[in-house]
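Provided herewith is a single structure, encoded as structure tokens, for subsequent inquiry.
The values are calculated or read from the model by the stated rules, or taken from the named source; none is laboratory data. Since the structure is predicted, the reported quantities are computational estimates derived from the model, not experimental observations. Cβ sites come from the backbone with ideal geometry, for glycine too, and all protein chains shown count toward neighbours. Accessible surface is based on the protein model in full, side chains and every heavy atom, while ligands, DNA and RNA are left aside. Shrake-Rupley method; radii C 1.70, N 1.55, O 1.52, S 1.80 Å.
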Amino acid sequence: MLHNTRFHQTPRSPLARAHKALAAALAASITLVVVALTGAPANALASPQTTSQGTVSYLMGDINNFWATNFRSWGWSAYYAQPTVYYYNSTITACGFTMSPSNSFACDRPYLGQIYIGTGWTQGLLNTYGDYAPGVILAHEWGHEIMFMAGWKSASGTLGRELFADCLAGMYTRYGLTVTHRLDNSDYWEGYNTLASIAGGDHGTPKQRTDWYAYGYSSYNINSCYRALT
Ligand SMILES: [Zn+2]
């Protein structure tokens, strides 16, 4: 996804002032589940999807449950609300800006809670990298919403925000793969290859993207991911 940096500017929030202490508290509250990627790779989600919207529909509730549960465990439920996912396939105005259809993005305040998925663009990714491709894009955009809702800012600029979102996508991938089993072992790599393919510019190199995705998966810890913002 190509993100206009203006979408990522987060207004000052009371939460932002306490973000370091909160991040530490959050880290302590997440249970680490050790898991190995084993077994023969399959070729699809646990319920195989052939369309971008099919993948998004299949996974959005699972991604929401993951983050809603985390926010609840942190005592932060008041700051979490399920984002609304919109599909588009032509140039649109959203988040207050004109957006290309070859994109996906998440809105900050005053449009908080809106995620836009470019259907043609993510369909192309699905056709190339597998049916989790639109899912890892959705998980990445959801990661941006997590940052916006929490009021976390990036001291490391746009790149830090993008790598943070990749890290959170890795965290969800582990949840989907090991807790709810909506994903299977091939999906980890489908997500990995998808992110690597969209690298460049604000998003960093393929290695940076996949390193942070893998780090989110292995650490399963938002405090670890928060390091991308510092
Ligand atoms: Zn992004």
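Per residue, how much accessible area does the range 185-230 have with a 1.4 Å probe, in Å²?
37
Something else: With charges set only on the Cβ (+1 for Lys and Arg, -1 for Asp and Glu), what does the dipole of the range 90-227 come to about its Cα centre, in debye to the nearest 20?
The dipole magnitude comes to about 300 debye.
Stretch S57-V179 to full length: gain in nm at 0.36 nm per residue minus the Cα-Cα span?
42.1 nm
A further question follows. Tell me which of N89, C107, G124 sits at the most positive position along the dipole axis of the range 87-230, charges placed on C-beta atoms (Lys, Arg +1; Asp, Glu -1).
Checking the options against the dipole of the range 87-230, the answer is C107.
Over the Cα atoms of the range 141-183, each weighted equally, I'd like the Debye log10 I(q)/I(0) at q = 0.22, 0.26, 0.27 Å⁻¹, rounded to two decimals.
Relative scattering, expressed as log10 I(q)/I(0), comes to -0.70, -0.84, -0.88.
A further question follows. Distance between the C-alpha centers of the range 39-113 and the range 163-230? Whole Å please.
So the two Cα centres are separated by 15 Å.
Assuming R0 = 30 Å, what is the FRET efficiency of I92 and S218, from their Cβ-Cβ distance, to the nearest 0.05?
E(calc), rounded to 0.05, equals 0.25.
OK, next. Under 4 °C and 1.567 mPa s, how fast does the range 79-132 diffuse according to Stokes-Einstein, given a Kirkwood radius computed over C-alpha pairs? Answer in µm²/s, whole number.
109
Same structure again: Counting other Cβ atoms within 10 Å, which trypsin sites (Lys or Arg not before Pro) in the range 146-194 have at most 10 and lie in a DSSP loop?
none
Which percent, to the nearest 5, of DSSP beta bridges fully inside the range 48-200 are antiparallel?
Within the range 48-200, antiparallel bridges account for around 55 percent of the total.
Magnitude of the Cβ-charge dipole of the range 129-206, K/R +1 and D/E -1, about the Cα centre, nearest 20 debye?
Approximately 240 debye in magnitude.
Could you derive backbone 3J(HN,Hα) for the range 166-183 from the dihedral phi with the Karplus parameters 6.51, -1.76 and 1.60 (θ = phi - 60°), listing whole Hz in sequence and x where the residue is Gly or Pro?
5, 5, 5, 5, x, 4, 4, 4, 5, 4, x, 7, 10, 9, 9, 6, 6, 10
While we're on this one: Go through the range 213-221 residue by residue and turn each phi into a ³J(HN,Hα) via Karplus (6.51, -1.76, 1.60, θ = phi - 60°); whole Hz please, and just put x for glycine and proline.
Residue by residue, the range 213-221 yields 4, 5, 5, x, 5, 6, 7, 6, 8 Hz.
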